[in-house]
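A.B. asks: First the structure, then my questions, so here it is.
The values are calculated or read from the model by the stated rules, or taken from the named source; none is laboratory data. Nothing here was measured: the structure is a model prediction, and the numbers come from that model. When we count neighbours, we look across all protein chains shown, and the Cβ atoms used for this are built from the backbone with ideal geometry, even at glycine.
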Amino acid sequence: MKSLNQLVLGSLLLVVLATSCNKKADFTYNYYTVDGAPAYDLISKHLNLNDSPASYEVVLPKHITGRGLSARKVDDNKAVLGRVLFWDSKLSKDGKISCGSCHAPNKAFGDNVAFSKGITDRATTRNSIALASVLNFSAYYGTDINGFGAVPFFWDNRAGTVALQSTGSLTNPNEMGMQMHEVVDQVKAQEYYKPLFNAAFGNTEVTQDRILDAVANFVNALGSHKSRFDIETDKIAGEYNWGFDYRQNYASFTQSENNGKRLYIDKCGSCHGATFAAPQKLMANNGLEGNNPSDKGVGGVTQKKEEYGMFKVPTLRNITRSAPYMHDGRFNTLEEVLEHYSTNMKYNDNLSYEFKGTNNTVKKITLTAQDKVDLIAFLSTLEDFQLPLDKRFDDPFKK
């Protein structure tokens, strides 16, 4: 009799556990809802998204956080929504161009042409900046979260926040060609956005601010910090590394890579960032043109003559995957870039002080043939091979 009671109790326990597991499965499946009803089918018809949001937590390398730099918290639901908005070509005038059209994962989230194609095959006026050149956007980009002195957006630094940058791209007549009210209307018209907005904001209301907020969360989750350089540095630096010397030899690096690392720190780091976190300078003039540049850069925005020919100083992560180079894509290879700094810089009144010699001359960067080989060898260690494979950032639309 006792054995029979134990058998009955055991069976009941299995039923309770099974019911509990089923409820958990139902809850997971019904994560996306509209008006309380399951709505994942509205998503799955159009998008390759999980039935609950992926984590967009950003974990920076120890050699970066040890210097006091940190990433802001990302809202997973908003980031998922932002990912869909980033890749949605319906948000362009001809329905063919998305943000991702000019920022492909396998091209360091940039493009491989000097000027990308916007709506109706119009050419953009500047080279697409590779988003994967950045360690992490939330760590030092955007005046809204990082205050005065934060790195701004675009080659001419005209946008202080992701929202302004996104608005600029969506409304640029050579890029996506929309008005923001048209973007809002298009989002409202797509059924897959309702459950995504409900998860991100608690209801399905679509507004311009909500769209830009979602895109900002997605962009702030982006970044490149899993390169061989980062992995090897973390092995040596540890967590408390404010005084860590990046110039030291890494046992896992070749002699050429170690030499290139020192050359980068000594000859490039004063502008592009010697600690591989953020750029040292927000803008510079590197002698691409003389006193009458065809593109005035920052000066074209500020209307300050002393800023004519000044452009954003990017960080160089994934630079081996982001050719062509400079704001106008004039250099097809890193060899051409180094040749420019070695022999071809042009003097102009706004030339950055690092390059100014005496009596209106250019102070070029002296590099031997082997130096150039070593620099490129080191820059290759900054490539993040994992980022292009990260499904959280790729195109979610079903073809």
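A.B. asks: Exactly one of these conditions fails for residue 113: (1) crowded, with 23+ Cβ neighbours inside 10 Å; (2) part of a loop (DSSP other than H, G, I, E, B); (3) aliphatic (A, V, I, L, M). Give me its number.
C.D. replies: Looking at each condition in turn, residue 113 falls short on (1).
A.B. asks: Going by what's in this entry, would residue 205 be described as of a type outside the set (Gly, Ala, Ser) and part of a loop (DSSP other than H, G, I, E, B)?
C.D. replies: Spelling it out, residue 205 is indeed of a type outside the set (Gly, Ala, Ser) and part of a loop (DSSP other than H, G, I, E, B).
A.B. asks: I've got another one for you. Working only within the stretch 375-387, note down all residues that are within 12 Å of residue 334 (Cβ to Cβ) and out of contact with any Lys or Arg (no Cβ under 7 Å at 6 or more places or on another chain).
C.D. replies: Selection gives 375, 376, 377, 379, 380.
A.B. asks: Residue 80 - would you say it is touching a strand residue (DSSP E or B) at 6+ places or on another chain (Cβ under 8 Å), in a helix (DSSP H, G or I) and surrounded by 18 or more Cβ atoms within 10 Å (Cβ to Cβ)?
C.D. replies: No: the conditions fail for residue 80.
A.B. asks: Looking at the stretch 376-399, which of its residues are among the hydrophobic types (A, V, I, L, M, F, W, C) and within 20 Å of residue 135 (Cβ to Cβ)? Quick ask: steps written out before the conclusion?
C.D. replies: Restricting attention to the stretch 376-399, the residues satisfying the condition of being among the hydrophobic types (A, V, I, L, M, F, W, C) are 376-379, 382, 385, 387, 389, 393, 397.
378, 379, 382, 385, 387, 389, 393 - these are the residues of the stretch 376-399 that are among the hydrophobic types (A, V, I, L, M, F, W, C) and within 20 Å of residue 135 (Cβ to Cβ).
A.B. asks: Moving to a separate point now. Exactly one condition in (1) part of a helix (DSSP H, G or I); (2) within 24 Å of residue 229 (Cα to Cα); (3) touching a residue at least 40 places away in the same chain (Cβ under 8 Å); (4) assigned by TED's automatic domain parsing to the domain that holds residue 269 is not met by residue 317; state its number.
C.D. replies: With respect to (1) part of a helix (DSSP H, G or I); (2) within 24 Å of residue 229 (Cα to Cα); (3) touching a residue at least 40 places away in the same chain (Cβ under 8 Å); (4) assigned by TED's automatic domain parsing to the domain that holds residue 269, residue 317 is out only on (1).
A.B. asks: Quick one: in the stretch 153-212, which of the residues that are of a type in the set (D, E, K, R) and buried (at least 21 other Cβ atoms within 10 Å of the Cβ) is farthest from the chain's Cα centre (by Cα)?
C.D. replies: Quick first cut of the stretch 153-212, residues of a type in the set (D, E, K, R) only: 156, 158, 175, 182, 185, 188, 191, 194, 205, 209-210.
From what's left, buried (at least 21 other Cβ atoms within 10 Å of the Cβ): 156, 175, 194.
On the way: 156: 17, 175: 18, 194: 26 Å.
Applying the filter and picking the extreme gives 194.
A.B. asks: Would you please list the contacts, defined by Cβ atoms under 6 Å and residues six or more apart or on different chains, that run from a residue in the stretch 226-255 that is among the basic types (Lys, Arg) to a residue that is in a helix (DSSP H, G or I) and at pLDDT 90 or above?
C.D. replies: 247/262; 247/265
A.B. asks: Please state which one of 394, 374 is surrounded by fewer than 20 Cβ atoms within 10 Å (Cβ to Cβ) and either under 25 Å from the mean Cα position of the chain (by Cα) or outside the structural domain of residue 97 (by TED's automatic domain parsing) (or both).
C.D. replies: Numbers: 374 fails: surrounded by fewer than 20 Cβ atoms within 10 Å (Cβ to Cβ).
None of the other options fit; the residue is 394.
A.B. asks: Determine, yes or no, whether residue 253 is modelled with pLDDT under 95 and assigned to a loop (DSSP other than H, G, I, E, B).
C.D. replies: When the stated conditions are applied, residue 253 does not pass them.
A.B. asks: Exactly one of these conditions fails for residue 259: (1) under 17 Å from residue 83 (Cα atoms); (2) surrounded by fewer than 20 Cβ atoms within 10 Å (Cβ to Cβ); (3) not charged (D, E, K, R). Give me its number.
C.D. replies: The single condition residue 259 does not satisfy is (1).
A.B. asks: What's the number of the condition residue 279 fails, among (1) in contact with a helix residue (DSSP H, G or I) (Cβ under 9 Å, 6 or more places away or on another chain); (2) in a loop (DSSP other than H, G, I, E, B); (3) within 16 Å of residue 158 (Cα to Cα)?
C.D. replies: With respect to (1) in contact with a helix residue (DSSP H, G or I) (Cβ under 9 Å, 6 or more places away or on another chain); (2) in a loop (DSSP other than H, G, I, E, B); (3) within 16 Å of residue 158 (Cα to Cα), residue 279 is out only on (3).
A.B. asks: Considering 289, 306, 336, which residue is touching a strand residue (DSSP E or B) at 6+ places or on another chain (Cβ under 9 Å), among the charged types (D, E, K, R) and either modelled with pLDDT of 95 or more or surrounded by fewer than 19 Cβ atoms within 10 Å (Cβ to Cβ) (or both)? Give the steps one after another, and end with the answer.
C.D. replies: Working: 289 fails: touching a strand residue (DSSP E or B) at 6+ places or on another chain (Cβ under 9 Å); 306 fails: touching a strand residue (DSSP E or B) at 6+ places or on another chain (Cβ under 9 Å).
Checking each option against the conditions leaves just 336.
A.B. asks: Now for a separate question. Considering each residue of the stretch 8-53, count those that are at pLDDT 95 or above, surrounded by 10 or more Cβ atoms within 10 Å (Cβ to Cβ) and not in a helix (DSSP H, G or I), and give that number.
C.D. replies: Matching residues across the stretch 8-53 total 15.
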